[in-house]
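Below: one structure, written as structure tokens.
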Amino acid sequence: MAPLKRIDGPESFQAEFGISRETLDRLTTYAQILTRWQATINLVAPSTLGDIWHRHFADSAQLWRFRPRDARNCLDIGSGAGFPGLVLAIIGAETGATHHILIESDARKAAFLREVARATGITVDILCMRIENSETRAKVKSVDCLTARALAPLPRLLEMSAPYFTSATLGLFLKGKDAAAEVEQAAQGWQFDCELKPSMTDADARIVLLNALKPKREG
């Protein structure tokens, strides 16, 4: 799949992803709030602030086509400014078929996520907790789909994600040019089925589709 044409604003985003006007309005509100909050909280790299629709919204939204169609719950870990989890929750609000959970341990970023959810009128659980904690695992349990972006190298990411995986869980991880090397490193400690898909927003990036996750037995 070749990289997308440039997503330079709301109209080209809507044309590419086929979203409703209501969803587009929600994402526009999201962009406005992010720009305001960025003045006091470092939510995204300053150099990308003027390129929200391509670098952040489209990069996140491309995962939508890979999600399990019958997913009842989707977990986004290390949500930060909401990429990809909050973008997917906003797109998913059109049908309401999937329950979205976002985990972000930074209280200020969690407050930002809650403000976007409130302003856009979407239903999403935002947990200000650490993904590794037993309390988080007890609250969330297992999920059908798990997403993450720019959180950790894949071996560490699988370590954090494993408690939430079942045999049917699909992991969708946005990775950079070293994705294949990270998969190779992760395979030293984990068994899994994996497929790399080209990113639609960056020719060098990849999307890791991963399931059937199990730790390898020592010895």
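The values are calculated or read from the model by the stated rules, or taken from the named source; none is laboratory data. The structure presented is a predicted model; accordingly, all values stated were derived computationally and were not measured. Heads up, the Cβs are rebuilt from the backbone with ideal geometry, glycines too, and the neighbour counts pull from every protein chain shown. Ligands, DNA and RNA are stripped out before the accessible areas are found, and what is left, the full protein with its side chains, is counted by its heavy atoms. Shrake-Rupley method; radii C 1.70, N 1.55, O 1.52, S 1.80 Å.
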Relative contact order for the chain, counting Cα pairs under 8 Å that sit 6 or more residues apart, in percent: 20 percent
Arg26: accessible area at probe 1.4 Å, nearest 10 Å²? 40 Å²
With a ≥ b ≥ c taken as the square roots of the eigenvalues of the C-alpha gyration tensor of region 78-147, please select rounded if a/c is under 1.5 and otherwise prolate if a/b is larger than b/c or oblate if it is not? oblate
Set the Förster radius R0 to 35 Å, insert the Cβ-Cβ distance between Glu115 and Gln185 as r into 1/(1 + (r/R0)^6), and round the FRET efficiency to 0.05. 0.40
Taking Cα atoms of region 28-70, Rg/Rh with Kirkwood Rh, to two decimals? 1.09
Tell me, what is the percent relative contact order of region 162-219, built from C-alpha pairs under 8 Å that lie six or more residues apart? 46 percent
Taking only DSSP H segments of four or more residues, each worth -39500 (n - 2.57), what value at 222 nm results for the chain once the sum is divided by all its residues, to the nearest 500 deg cm²/dmol? -9500 deg cm²/dmol
Using modelled amide H (1.01 Å from N, peptide plane; none on Pro or chain starts), what sits under 5 Å from the amide H of Asn73, excluding residues fewer than 5 places away? His99, Asp144, Cys145
Quick one: order His56, His99 from most to least accessible surface, probe 1.4 Å. His99, His56
Counting heavy atoms of the protein chains only and a 1.4 Å probe, report the per residue accessible area for the chain as a whole number of Å². 48 Å²
Tell me, what HN-Hα J-couplings in whole Hz come from the Karplus equation 6.51 cos²θ - 1.76 cosθ + 1.60 at θ = phi - 60° for each residue of region 155-167, using x for Gly and Pro? x, 5, 4, 5, 4, 6, 7, 3, x, 9, 8, 10, 5
Percent carbon-and-sulfur accessible area, the chain, ignoring ligands, DNA and RNA, probe 1.4 Å: 46 percent
Residue among Trp37, Trp53, Trp190 with the largest mean-square fluctuation in a Gaussian network model of the chain, springs linking Cα atoms under 10 Å: Trp37
Sorted by number, the cysteines in the chain with no other cysteine beta-carbon under 4.7 Å are Cys128, Cys194
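Note the direction-averaged projected area, equal to a quarter of the hull surface, for the Cα convex hull of region 51-168, in nm².
Hull-based average projected area comes out at 7.2 nm².
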